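Please find one structure pasted underneath; my questions will follow.
Computed from the coordinates by the stated procedures, all read-outs in this text should not be read as laboratory data. Please read these numbers as outputs of a predicted model, since none were measured by experiment. Ideal geometry is used to build each Cβ from the backbone, glycine not excepted, and the neighbour counts take in all protein chains shown.
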There are 2 protein chains.
Amino acid sequence: MKEVAVIGIGQTKIDEHWDKSLRDLAGDAALSALMDSGLEKVAALYVGNMMSGSANRQQHLGAYIADWIGLRGIEAIRLEAACSSGAASFRTAVMAVASGEVDSALVVGVEKMTDSPLQEVTAALATAADADWEAGQGLSFVALNALIMNRYMHEYGWKKEHFAPFAVNAHTNAIHNPFARFHEPATIENYLKAPMINDPINLMDASPVGDGAAAAVLLPLESLHNPSHKKIIKVAASAAATDSIAIHHRKDPLFLRAAYNSGKKAYDQAGLNPSDIDLFELHDAFSIMAALSLEANGFAERGQGPRLALDNEILPTGRIPIATRGGLKARGHPVGATGMYQIVEVVQQLRGEAFGTQVENARVGMSQNIGGSGSNIITHIFQLI
Amino acid sequence: MKEVAVIGIGQTKIDEHWDKSLRDLAGDAALSALMDSGLEKVAALYVGNMMSGSANRQQHLGAYIADWIGLRGIEAIRLEAACSSGAASFRTAVMAVASGEVDSALVVGVEKMTDSPLQEVTAALATAADADWEAGQGLSFVALNALIMNRYMHEYGWKKEHFAPFAVNAHTNAIHNPFARFHEPATIENYLKAPMINDPINLMDASPVGDGAAAAVLLPLESLHNPSHKKIIKVAASAAATDSIAIHHRKDPLFLRAAYNSGKKAYDQAGLNPSDIDLFELHDAFSIMAALSLEANGFAERGQGPRLALDNEILPTGRIPIATRGGLKARGHPVGATGMYQIVEVVQQLRGEAFGTQVENARVGMSQNIGGSGSNIITHIFQLI
């Protein structure tokens with residue numbers, strides 16, 4: 001198996017892009033990544049996307065985007081694993097390059113959510129849950145996360161205000177990221193006054209819908225003998241795991257078992273442990289998911305995720321910086337693209353290009369993308385070499 | 001890169017399965033394949049599906065199906081490449097096993113098309129074409145193929161009745177396949193009297209919608225030192241290529257360039273040429289696609305696909321048997337599952353298990369799955385060892 005390196009990254013701003021189509025967004029990110037890599041073409045394209053079939057009446061994004069960016073003819077497919085579609089496409093590209101079947105790959109995560117009415121987006125997001133046993137009962141994704149957060153507060157004694165630092169950190173970091181959806185500072189007061197969506201989740205606990213695309217270019221590490229790139233980022237680990245799709249089938253709904261399992265596999269592959277990780281782009285679709293992710297991946301004891309946040313350990317200067325470019329909460333969460341934004345941001349940090357929120361001496365970064373309510377979790381570890 | 005073998009296959013009958021859900025169908029095929037393989041579990045699941053997001057309001061089929069078949073926790077994703085989703089999932093599994101990232105894989109292609117009204121299925125199928133420049137102009141998939149067939153008849157002088165043998169061969173072969181959608185014999189008279197759908201495509205030129213699932217289990221060939229399986233089928237080649245998503249962007253709309261390119265790569269990988277292929281499960285979604293596939297893959301000169309059929313060379317006893325278990329026309333075409341049905345049928349032929357339509361001494365079989373109007377084409381060659 002060949003080792004794999006990321007040699008190019010690209011992204012669009014996350015926004016309500018009324019003037020850009022799905023292919024415009026994907027193309028912009030893809031061409032930026034190619035330009036950054038110095039390559040003019042690649043052998044294969046992997047597209048991560050969740051809902052273009054319903055939101056844009058367009059599937060078949062592999063051929064669609066390859067054609068649009070001037071790479072007509074290359075191998076190209078789309079990967080879907082709900083909100084973890086981005087990391088799923090990256091992992092598929094890693095395996096393709098590692099196997100030797102393709103000698104270079106472009107990965108694009110893209111989602112254009114604002115083409116369809118919001119109630120349809122909510123319905124499309126619910127297709128990530130169990131259609132018969134969750135969505136069919138009227139449970140939206142916010143509702144599922146509200147049930148988890150309520151139970152968590154009950155079990156561990158946290159109050160609503162203890163989750164404020166997750167949102168404040170995300171919004172504070174996003175101010176420095178030109179690609180982020182929001183650039184407004186947030187305070188604990190903003191958090192406490194935010195309108196309730198689904199008790200206990202308020203507007204500041206939830207990530208926003210948006211349009212965006214992020215991309216990366218991969219090559220076998222061995223092909224970089226004469227590196228023209230100043231900094232080479234190695235894919236030190238790539239791992240995935242699932243859990244029951246319906247939350248009520250889990251013995252312990254407060255433990256992200258798939259995060260633990262894919263995280264453990266990733267640590268083992270890289271020969272590292274949590275204390276080696278300089279920053280962690282986790283999947284803070286809701287504040288409660290940030291807390292559970294920190295716990296499942298060994299950064300906090302069970303029930304103690306909010307403690308890390310309250311102690312400022314999640315800031316860029318803390319023990320385990322998260323959401324360093326704004327996270328899902330403030331950079332934005334165009335679902336099928338999110339996993340690729342996380343990866344692009346880790347690469348920026350390791351290259352030392354994270355203007356304004358640079359983690360000092362970052363050499364090892366981890367990204368973790370969650371599909372559904374923790375039912376599909378994909379973890380990557382990157383290393384500066 | 002490791003060599004890969006198919007050690008288990010499974011399929012459901014293609015039908016209007018009013019009494020079975022999407023997960024029932026996928027589960028039945030998956031568990032049949034596992035049972036056939038002798039394995040109780042695998043490391044990863046790859047699901048091919050095109051339209052469950054709209055037709056069944058359920059996406060995230062990786063986690064969904066892994067959970068259902070008792071393999072909760074394993075890595076699992078869904079692949080989509082329109083009607084070539086089945087072969088896309090198989091190729092992804094081949095790369096995963098070849099890379100060493102996973103030591104065993106299950107692939108399931110599944111589609112349940114009859115849960116939603118037919119006009120919605122037609123609209124969902126059109127998401128495989130270009131939403132802006134084809135579907136948005138009112139072109140359905142039948143209409144796109146009708147334009148191609150009309151042009152082909154004009155260029156090469158064939159008449160409508162010359163396409164009859166494609167449908168007759170498919171229906172005659174399907175009679176022996178218990179998993180086929182149709183078991184009615186067909187004659188040239190049936191073909192000539194069939195109701196017109198979109199001139200020149202009549203009901204006997206077009207494959208039917210249906211529900212079904214087909215599955216396969218893959219292992220590295222090197223792991224089979226003590227083969228408990230009587231017959232091992234090696235994946236001798238796996239290759240993919242795209243073309244423009246919109247037909248009007250092709251210089252020559254009567255040439256399946258992506259079929260030629262992926263076919264050529266596959267022949268090169270396997271070290272074979274067309275005369276070595278004992279049977280060819282091609283993508284006869286419409287009669288015209290069968291003709292164009294035979295030509296692009298080196299079995300007929302340009303414009304001479306119908307000649308092979310008229311000369312009976314496509315029968316199980318002919319020079320290049322096609323649709324040996326009924327093809328898309330008569331076995332059925334549950335879109336995201338079709339590529340896996342083709343692969344399962346090639347494996348059956350190479351194992352000598354194609355009761356009623358067995359190709360004598362079949363040792364090398366090829367399958368080719370087409371997404372969109374020839375915009376994504378994935379080719380596999382299998383070899384009995």
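Taking one equal scatterer on every alpha-carbon of segment B:160-261, how large is log10 of I(q)/I(0) by Debye at q = 0.10, 0.20, 0.22, 0.24 1/Å?
For segment B:160-261, the Cα-only Debye profile gives -0.54, -1.11, -1.14, -1.17.
Follow-up. Quick one: helix A:335-351 against the long Cα principal axis of chain A, what's the angle to the nearest 10°, folded into 0 to 90?
Around 70 degrees separate the two axes.
For a protection proxy built on the mean count of beta-carbon atoms within 10 angstrom, sort A:213-223, A:66-76 highest first, please.
Put in order of decreasing packing, that is A:213-223, A:66-76.
Related question: How high is the relative contact order of chain A, in percent, counting Cα pairs under 8 Å that sit 6 or more residues apart?
Worked out over chain A, it gives 26 percent.
I'd like the Karplus ³J(HN,Hα) series for segment A:184-193: coefficients 6.51, -1.76, 1.60, θ = phi - 60°, whole numbers in Hz, and an x wherever there's a Gly or Pro.
In residue order, the calculated couplings are 8, x, 10, 10, 4, 5, 3, 4, 5, 9 Hz.
Could you state the angle between the C-alpha long axis of helix B:164-174 and the longest principal axis of the C-alpha atoms of chain B, as a value from 0 to 90 degrees rounded to the nearest 10?
The angle comes out at about 30 degrees.
Still on this structure, I have one more. Within 10 Å of each Cβ in peptide B:97-110, how many partner chain Cβ atoms are there on average? Round it to a whole number, please. List each step's numbers first, then the result.
On the way: counts 2, 7, 11, 5, 10, 2, 0, 0, 0, 0, 0, 0, 0, 0.
Taking all residues of B:97-110 together, the mean is 3.
Please report the spacing between the Cα centers of segment B:92-144 and segment A:345-359 in Å, no decimals.
Result: 38 Å between the Cα centres.
Taking neighbour Cβ counts within 10 Å as the exposure measure, how do A:His225, B:His333 sort from fewest upward?
In order of increasing Cβ crowding within 10 Å: A:His225, B:His333.
Percent of alpha carbon pairs in segment A:228-385 separated by more than 25 Å?
Of all Cα-Cα pairs in segment A:228-385, 22 percent lie more than 25 Å apart.
Now for a different question. Convex hull volume of the Cα atoms in segment B:61-198, per residue, in Å³?
Expressed per residue, the convex hull around the Cα atoms of segment B:61-198 is 193 Å³.
Report, as an integer, the average count of C-beta atoms from other chains found within 10 Å of each Cβ along A:78-90.
Partner Cβ neighbours, averaged per residue: 5.
Could you sort the peptides B:119-129, B:186-196 by per-residue average Cβ neighbour count (10 Å cutoff), highest mean leading? Please report the intermediate quantities before stating the final value.
Numbers: B:119-129: 20.5, B:186-196: 14.0.
Listed from highest to lowest mean packing, they are B:119-129, B:186-196.
Also: At 1.002 mPa s and 20 °C, plugging the Kirkwood radius over alpha-carbon pairs of chain A into Stokes-Einstein gives what diffusion coefficient in µm²/s?
Working: Rh = 20.2 Å.
Rounded to a whole number, D works out at 106 µm²/s.
On to the next question. Placing unit charges on C-beta atoms (Lys and Arg positive, Asp and Glu negative, everything else neutral), compute the dipole magnitude of chain A about its Cα centre in debye, rounded to 20.
Dipole magnitude for chain A comes out near 360 debye.
Other chains near B:48-57: what is the mean number of their Cβ atoms within 10 Å of each residue's Cβ?
On the way: counts 1, 1, 3, 3, 4, 11, 7, 1, 3, 9.
Neighbouring Cβ atoms belonging to other protein chains average 4 per residue here.
Which pairs, out of A:Lys2/B:Lys41; B:Lys20/B:Lys112; A:Lys2/B:Lys264; A:Lys2/B:Lys231; B:Lys159/B:Lys193, put more than 19 Å between their alpha-carbon atoms? Please report the intermediate quantities before stating the final value.
Values: A:Lys2/B:Lys41 26 Å; B:Lys20/B:Lys112 9 Å; A:Lys2/B:Lys264 25 Å; A:Lys2/B:Lys231 31 Å; B:Lys159/B:Lys193 15 Å.
Violating the 19 Å Cα-Cα cut-off are A:Lys2/B:Lys41; A:Lys2/B:Lys264; A:Lys2/B:Lys231.
What are the radius of gyration and Dmax of the protein assembly as shown, computed over its Cα atoms and given in Å?
25.3, 81
For the protein assembly as shown, what is the charge dipole size about the Cα centre, in debye to the nearest 20, if Lys and Arg each add +1 at the Cβ and Asp and Glu each add -1 at the Cβ?
That gives a dipole near 680 debye.
Taking Cα atoms, how many degrees apart are the long axis of helix B:141-156 and the longest axis of chain B, rounded to 10 and kept between 0 and 90?
Roughly 60 degrees, rounded to the nearest 10.
Give the long-range amide H neighbours of A:Asp103: residues separated by 5 or more places, or on another chain, with amide H under 5 Å away, using H modelled in the peptide plane at 1.01 Å from N.
HN-HN under 5 Å from A:Asp103: A:Ala43.
Order of A:Phe163, B:Phe255 from fewest to most other C-beta atoms within 10 Å?
Ordered from fewest to most neighbouring Cβ atoms within 10 Å, A:Phe163, B:Phe255 come out as B:Phe255, A:Phe163.
Another one. For the peptides B:46-55, A:350-359, what is the packing order when you average, over each peptide's residues, the other Cβ atoms within 10 Å and list the highest mean first?
Most protected by this proxy first, the peptides run B:46-55, A:350-359.
For segment B:309-367, what does the equivalent ellipsoid look like in terms of its semi-axes, each the square root of 5 times an eigenvalue of the Cα gyration tensor, given largest first in whole Å? Spell out each step's value before the answer.
On the way: eigenvalues 66, 43, 16 Å².
Rounded to whole Å, the semi-axes are 18, 15, 9.
Quick one: A:His171, B:His283, A:His162, B:His17, fewest Cβ neighbours within 10 Å first, how do they rank? Write out the running numbers ahead of the final one.
On the way: A:His171 25, B:His283 31, A:His162 18, B:His17 22.
Sorted ascending by nearby Cβ count, the order is A:His162, B:His17, A:His171, B:His283.
Pull up the cross-link candidates among the aspartates and glutamates for A:Lys13, meaning alpha carbon to alpha carbon under 19 Å and not fewer than 8 places away within one chain.
A:Asp24, A:Asp28, A:Asp36, A:Glu111, A:Asp115, A:Glu184, A:Asp211, A:Glu281, A:Asp284, A:Glu345, A:Glu353
Follow-up question, since we're still on this one. Counting other Cβ atoms within 10 Å of each Cβ, which trypsin sites (Lys or Arg not before Pro) in segment A:80-178 have at most 15 and sit in a DSSP loop?
Passing sites in segment A:80-178 are A:Lys159.
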